[in-house]
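Derivation of every value follows stated rules applied to the coordinates shown; laboratory data play no part. The shown structure was predicted, so the numbers you read here are calculated from the model rather than taken from an experiment. Please note: Cβ atoms are built from the backbone with ideal geometry, for glycine as well, and neighbour counts cover all protein chains shown.
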Amino acid sequence: MEKTLLLLKPDAIARGVCGQIIDRFEKRGFQIAAMKMLQLTKEQAAIHYQDHKEKPFFQDLVDFIISGPLIAMVIAGENTIHASRGMMGSTNPIDATAGTIRGDFALNIRNNIIHGSDSLISAEREIKVFFNENEIYL
Ligand code: IDP
Ligand code: MG
């Protein structure tokens, strides 16, 4: 059983599309192992996005991810990281295929609706930023 961290970013909540996105993961066969709504502090956002701290868009990314509440989830299943990244589509929604989450719900590289961990190592690290072990039910 492989787990990954998903974030339904503040734009997903503002636009009221979280249910449709969660529905896609449930329909695909993933189980929800953990879920909470929260608004990140700047410090928590910097830890979550630590690999991007030298990028020119880092400040913009942090400002966006702390701009409102988000939904953090851990989902579990088979090949979860690879499959969920495929469901999300390309980072830049302009390049994302129709049928992917970003291809269907987003137009802007910053406001791109969803985060998903990109490797086993990042999934393990990122899950711990958001959840204690006793909050994960699988
Ligand atoms: P990912 O979310 O598809 O894994 P990353 O390269 O890890 O993409 O980038 C993290 C997040 O940073 C993206 O989801 C997006 O919100 C934001 N981002 C990436 N590139 C840019 C950019 O060029 N301008 C503004 N924001 C960006
Ligand atoms: Mg990434």
Problem set entry | Taking the C-alpha atoms of the chain, convex hull volume expressed per residue in Å³ | 99
Problem set entry | Once exposed loop chymotrypsin sites (Phe, Trp or Tyr not before Pro) are cut out (DSSP; at most 16 other Cβ, 10 Å), longest piece of the chain | 58-136
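In Å³ and rounded to a whole number, note down the convex hull volume per residue for the Cα atoms of region 22-97.
Details: hull volume 9.3 nm³, N = 76.
Cα-based convex hull of region 22-97, divided per residue, equals 122 Å³.
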Problem set entry | Partner lysines for Lys128 [C-alpha distance under 22 Å; skip if fewer than 8 residues away on the same chain] | Lys3, Lys9, Lys36, Lys42, Lys53
Seminar exercise, completed: Placing +1 on each Lys and Arg Cβ and -1 on each Asp and Glu Cβ in the chain, then taking the dipole about the Cα centre, the residue among Thr41, Ala72, Pro10 whose Cα reaches farthest towards the positive end is Pro10
Problem set entry | Spatial extent of region 75-138: Rg and Dmax, with the Cα atoms as the point set, Å | 13.1, 39
Exercise. Just how far, in whole angstrom, is region 1-41 from region 44-69 if you go by their alpha carbon centroids?
Worked result: 19
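May I ask you to order 68-74, 10-16 by the average number of other C-beta atoms within 10 Å around their residues, highest value first?
Top of the packing list down: 68-74, 10-16.
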Seminar exercise, completed: Per the C-alpha gyration tensor (a ≥ b ≥ c, the square roots of its eigenvalues), region 37-80 is rounded if a/c is under 1.5, else prolate if a/b beats b/c, else oblate; here it's oblate
